[in-house]
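One structure below.
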Amino acid sequence: MEIKSQYYVVKEKAVPEVLLKVMEAKRLLESDRAATVQEAVDMVGISRSSFYKYKDDISPFYENTKGKNITFVMQMDDEPGLLSEVLRVIADYGANILTIHQTIPINGIASLTLSVDILPSTGDTAGMLSELEGLPGIHYLKILGRE
């Protein structure tokens, strides 16, 4: 049985310093104040290995996520009805699908990339993602970006 990720909202003071430095290094890279990962980690005082270990595990939480787009990727079993179940969850939360792309399944596993519009009427986004990740047949869910 696979262990599904859990998401938490914690105050900044409870986050270990290394994770805060990883976030700062990511900001430096995104803002072009650092041209390379090595420059960014040198500026914040962490190792490259720490950066790569945690870079996909921490993202800023924007309290006002309404009116934003979220793009995420999922790996899922090639089972009849599973895609419909994913779409049902998104609809139940009142989000709007902007784009959807599913790869041709290889060895019974397909990748699904979705861009979802989070409307003012959309329910709890974290709850939606958690419910999607908990569906039988979903192996992996990762947020690729937010606008």
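Of note:
- Label assignment, mean projected area of the Cα convex hull in nm² derived from the structure, set [x] 12.2; [y] 10.3; [z] 11.4: [y]
- Pairwise label distance in nanometres, Q38 with V10, each label 7 Å out on the Cα-Cβ vector: 3.2 nm
- Of all accessible heavy-atom area on the chain, the percent that carbon and sulfur account for (1.4 Å): 53 percent
- Between helix 82-92 and the chain: long-axis angle, C-alpha atoms, 0 to 90°, nearest 10: 70 degrees
- Theoretical gain in end-to-end length, H139 to R48 [0.36 nm per residue, Cα-Cα removed]: 30.0 nm
- Full extension of the chain segment joining N69 with T113 gains 14.5 nm, where the gain is 0.36 nm per residue of separation less the Cα-Cα distance.
- Computed FRET value (nearest 0.05) for L19 with E85, which takes r as the C-beta separation and R₀ as 30 Å: 0.35
- Length-normalised contact order of the chain in % [C-alpha pairs under 8 Å, at least 6 apart]: 27 percent
- Solvent-accessible area per residue for the chain (1.4 angstrom probe, square angstrom): 64 Å²
- Using alpha-carbon coordinates, inclination of helix 17-30 to the longest axis of the chain, degrees: 80 degrees
- Computed E for L98/D77 - FRET, C-beta separation, R0 25 angstrom, nearest 0.05: 0.55
- Among 131-144, 99-112, the peptide with the highest mean count of other Cβ atoms within 10 Å heads the list, and the full ranking is 131-144, 99-112.
The values are calculated or read from the model by the stated rules, or taken from the named source; none is laboratory data. Values in this document were obtained by computation on a predicted structure and should not be read as measured data. Here Cβ is always computed from backbone atoms with ideal geometry, including for glycine, and neighbour counts include all displayed protein chains. With ligands, DNA and RNA removed, areas are computed over all heavy atoms of the protein, side chains included. Shrake-Rupley method; radii C 1.70, N 1.55, O 1.52, S 1.80 Å.
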